[in-house]
1. Taking region B:203-218 as the region of interest, how many residues are over 16 Å from residue B:323 (Cα atoms) and touching a helix residue (DSSP H, G or I) at 6+ places or on another chain (Cβ under 9 Å)?
2. Just checking, which of B:22, B:60 is at pLDDT below 95 and crowded, with 19+ Cβ neighbours inside 10 Å?
3. Tell me which of these residue B:338 doesn't satisfy, since it passes every other one: (1) closer than 30 Å to residue B:233 by Cβ; (2) surrounded by fewer than 20 Cβ atoms within 10 Å (Cβ to Cβ); (3) not assigned by TED's automatic domain parsing to the domain that holds residue B:129.
4. Please work out which one of (1) more than 30 Å from residue A:341 (Cα to Cα); (2) at pLDDT 95 or above is the condition residue A:125 fails and give its number.
5. Mind listing whichever residues of region A:568-591 are part of a helix (DSSP H, G or I) and either at pLDDT 90 or above or within 7 Å of chain B (Cβ to nearest Cβ) (or both)?
6. Here is a list: A:196, A:223. Which entry is assigned by TED's automatic domain parsing to the domain that holds residue A:154 and farther than 28 Å from residue A:408 by Cα?
7. Quick one: would you say residue A:176 is part of a strand (DSSP E or B), at pLDDT 95 or above, touching a helix residue (DSSP H, G or I) at 6+ places or on another chain (Cβ under 8 Å) and within 22 Å of residue A:133 (Cα to Cα)?
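The values are calculated or read from the model by the stated rules, or taken from the named source; none is laboratory data. If you're wondering where the values come from, they're calculated on a predicted model, not measured in any experiment. No Cβ is skipped: glycine too gets one built from the backbone with ideal geometry, and neighbour counts run over all protein chains shown.
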């Protein structure tokens, strides 16, 4: 039976970095993974990662896997066994794994378990129908094997995985009919949510799936609003025509092997469920067994990699007596910094139960969106949620973006230094930066939008400019398309200057006409037809089509309508009449006026 | 803009455009319409949209009945769906005296050929179970009354006359009317001068002012009437309902919203088109009382428009005595929209034949005010 100084079980980000670190410190180790390639969940992550630039921020997940794979293959201290499924950990530090239909046994001095997590299930009627998938399964099918399992998707859960999956599905050219979220706020990062909202995907908060519909496979889903006890509210049911339902309601650690290895396990919901008890250096209650990654707490790849490194360094220190305390403490500090932001409050609370306390950095600075000097080509950074990421600061060649000590702070742009190079636009993992330049004289604005869909529009092409909800704002002409090696290309469009603060996305014109006035359901083509028939006065257009006459009083669409009228007639918006504002500014019930509230 | 017009029509509201439409149908060329703002910017675009034949004056009944005939053909005649529905009119009576008056009206209206009947409280309750009929003794009901979208009707006429060759000048105001020896020779507008011998005053809220431009003192004045619209809900109410006692009218549009209004106690005179919160405070309790389901209905918008009022609340359609070929169709007192198709036809006939042929409207002449004034009562 072969024996190793250390065996690492699980070749995801934590395990790979663990093995590399062990190898670099001279610890001979065996890395076991049940898949045929290393990388774990990274191989299906086509999006760029957040984080510290020193830790692969703004690199796409599968590219991180490739980089780590290369490092492993270059390190002679690491032996890799893929397609190796560990079936159990037996007495006398014996690991049994299956490979190619044969049984293998190895022993270890130290064990690093990085088995990760699996997707949680959600019980609902007909959840056994073909067409109900876990989000990870869809990502594997789509991003690893190039198979898209449906045409119209409903996603359950608005955590980062659900949000990212929605984006990837749209990139793959299929439709996402919506994301339902049981609680009253979006679970994942705001930038991920904004990315899909501006592609027109609705996120329905306080909603759940009631049942899947279908005989042989999914042909629809019934969703409903839920009350504060998560019970569906009768009468709010709504049917969505979808052929695939992706459940993405969170992950739970795979702690079985750790239990078999003699680690104490505790149920800590903030960390994802049953997790091995461990100290700051990732050592479990069995001093020979270490853990890292999602097995220790459900987070993301960056923290998993740092944990893998900490665990490996500690193993190396114990085995070799190497004097690397300082290095370990540095990594612990870095990890704490990652977890010091408001989005990590849950993790901090969970770790508290192990006596690991991380100070939430109180002075995380949050800044609103800066507009910058009108007329200059510049970056507009719409990143107002504190998440641990500094890629924009790191890539800016002119030091024009400042985040500061704590990478949870939001970026501040120094517009004196910003040259409009757009390097940050293509680097930002959240696609939260776009370019803007107004031409006041010509009443036009140039907007540079990060674009990760195919095909790319071409120069001179007529597009639809969209707002943050993916709704049509105005027509746009493509002025320039700049391709970047990282595949986050930038499409520069020209739009009327009035919409320079509204437009955040661009799409090819659709045959179906978009609603301009959602209250009265008036489409773009209806408005254009009316204008073409000679109705060129906004007031007449309004009366004929009912546009702007609904409950919102035109707050949402009046400017859009004026923009269409201006485009069709050549009269600048400022010269068009825009109607009279009448009370009530917001609709009020008759009952308001049946009782006079004035003091007598 | 043409420099010489066969007829100049002042006012691009429902009356002016209906007259132009009928002239174009007669083949009259070089008709020019001047509208100082946009189409439906005046009273037409602000009105309740009711189409009623139940009047107390036989002349109004006849004009309205002819209009209904034309409204029924409007879509094919003029070329646009104007949300016309013959949902009826329900007029509510609360006292024995009112019932007696309603009986007399029904008798007269039936003699004019109108299908109208008196309903008891119970009959009304059966038809409209969602209404609170507390205090209602009865009412009158005419199933061929109805309502339509006045704004679209006005735009429909405007688009039709442009297609038929009429020159429609919006955002063009008339500044003066030139006369010589009791004859019209031209009109000065904000966009230029046009020679003409025939002018029609269809200026609605501004009829008196336009009259004075040719030295004709038309006894009309304007007063503000307020109106509101609610959110759109499922269809429940077919007819226009009027309560003179509670001082309101209400209808549900084909679009689903409810449109309603009243006569204010001291309406602002002139063309003040502002709005007051008192209007909402007065409307809300009575509407919620009579239509309890409205309690949680949302008010979306309030606005106002001018009634161009004549001394007997009936229109004045005539040619001026002192200025030949100066014709006016004014003073509709809040009922111009519903009479417009018939008035357009009559005025076009006056211009082409010298008198209206389809209907005898001689008793709508201005000279009637020299005698005792017989006022139309059914006005909200």
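1. Filtering region B:203-218 for residues over 16 Å from residue B:323 (Cα atoms) gives B:203-206.
With the extra rule that they be touching a helix residue (DSSP H, G or I) at 6+ places or on another chain (Cβ under 9 Å), the set shrinks to B:203-204.
Adding up the residues that qualify gives 2.
2. Numbers: B:22 fails: at pLDDT below 95.
The unique qualifying residue is B:60.
3. Failed condition: (2).
4. Unmet for residue A:125, out of (1) more than 30 Å from residue A:341 (Cα to Cα); (2) at pLDDT 95 or above: (2).
5. Result: A:568, A:569, A:590, A:591.
6. On the way: A:196 fails: farther than 28 Å from residue A:408 by Cα.
Only one candidate qualifies: A:223.
7. Against the criterion (part of a strand (DSSP E or B), at pLDDT 95 or above, touching a helix residue (DSSP H, G or I) at 6+ places or on another chain (Cβ under 8 Å) and within 22 Å of residue A:133 (Cα to Cα)), residue A:176 qualifies.
Matching residues to (1) assigned by TED's automatic domain parsing to the domain that holds residue A:464; (2) without any contact (Cβ under 8 Å) to a residue 24 or more places away in the chain; (3) touching a strand residue (DSSP E or B) at 6+ places or on another chain (Cβ under 8 Å):
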{"residue": "A:496", "(1), (2), (3)": "yes, no, yes"}
{"residue": "A:500", "(1), (2), (3)": "yes, no, yes"}
{"residue": "A:524", "(1), (2), (3)": "no, no, yes"}
{"residue": "A:535", "(1), (2), (3)": "no, yes, no"}
{"residue": "A:540", "(1), (2), (3)": "no, yes, no"}
{"residue": "A:560", "(1), (2), (3)": "no, no, yes"}
{"residue": "A:576", "(1), (2), (3)": "no, no, no"}
{"residue": "A:579", "(1), (2), (3)": "no, no, no"}
